[in-house]
Each structure stands twice: as C-alpha cells, then as structure tokens.
Amino acid sequence: MNLFLREFLETDRKTLRELFVSARNAAFSWSASDAHKLEDFDIVTEGEKIVVAVVSSDPIGFASIWEPDSFLHNLFVHPNFQGQGVGRALLAYCEKYFSDIPTLKCVKANKNARRFYQAQGWTVRSEAVGPDGPYVLMEKASPNKVTNYAPSAQDAAKPRLL
C-alpha cells in the first residue's frame, strides 16, 4: 500500500463525510445505524486541523485536531483499511500540530480504539461521562517535553523529561 499523508482539501469533504459515517457505524456498533449523518463530519471538524491519509488519490482515513488544546478530536480509518498502519501513521503525522501534551477522549465501549491508543503509548488520565456515555480522557506524553512539576531545591536547575 502506497500511503500518503497531507492536510485536508475541500475536494476531500464528500469522501470524508462518507468515510466518517461508515467508520462510526462500524466502530460504534451499539448505536443505531441511522445515528450518524453525513453532515456530522462538518459539525465535529469545524475549526479543526484535518489531516488525510490517501492511497491512489483516494482518502482512506483522517484525523482532526483542535490545535489550541492539542486535542485529537477524531481519528477514523475506512473499515477496509484498518489494521494496516493507517491509524498509526495518522497519529504520527498529527504530532507536529500538538503544542502541548496531546489528549483525546475515547468512549469506553469502543474497546478496539482504546487498545489501539494504548498500544501507541497513550495512557488514561481520567474517566467521565459525556453525551455518548462513559469515556476515558487519554494523553500521550512526549519524551521531549518538559513537565510542569514542582522540583525539589536540588532538582530546580535540571529540566525533567517525561
């Protein structure tokens, strides 16, 4: 597979709307099949940086980031391309848009996604309940980012890496 990653183009919208619905229907098996609408893509990605995974000029996955909070809001791969490294590649590509420790929310019932993120080094920061049910807030600490911890007097002069 010849995978190419790039930023969103307006010509991607129609395909990504369809991909969004089919991937959500596959991932959120507990939801009614008519719960996901094409226009949901436009609503949930408004104002976000969108990156697209492309094979043979066809979008096969995307991620969207709310940059002010380094928040990974969406990551979806077409069901026919899952398990082939597309999600991992999208996550790696997104890193350049994170200005702080990135976070994401993952619905607890979406066990496949939780396993995927944990395999990529994301850890659970907290748990809560939202409109889609219980979720975990996850974060991925970068080994190159300095933490905001309170150092001892001895360590005050040394930066601490995560």
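Where a number appears in this text, it was derived from the coordinates with a stated rule and is not lab data. Just so it is clear, the structure is predicted and the values come from calculations on it, not from any experiment. Here the Cβ positions follow ideal geometry from the backbone for every residue, glycine too, while neighbour counts run over all protein chains shown.
Values for this structure:
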| read-out | value |
| --- | --- |
| Packing-based exposure ordering (other Cβ within 10 Å, fewest first) of D12, D100 | D100, D12 |
| Ellipsoid equivalent to segment 3-100 - semi-axes via the Cα gyration tensor, in Å | 20, 16, 13 |
| Gain on full stretching of the segment that runs from D100 to N2 - 0.36 nm per residue minus C-alpha separation | 32.2 nm |
| Residue order, fewest to most surrounding Cβ atoms within 10 angstrom, among W66, W122 | W66, W122 |
| Sequence of S57, S64, S22 once ranked by neighbouring C-beta atoms within 10 Å, starting from the fewest | S57, S22, S64 |
| Cα centroid of segment 89-114 to Cα centroid of segment 48-81, whole Å | 11 |
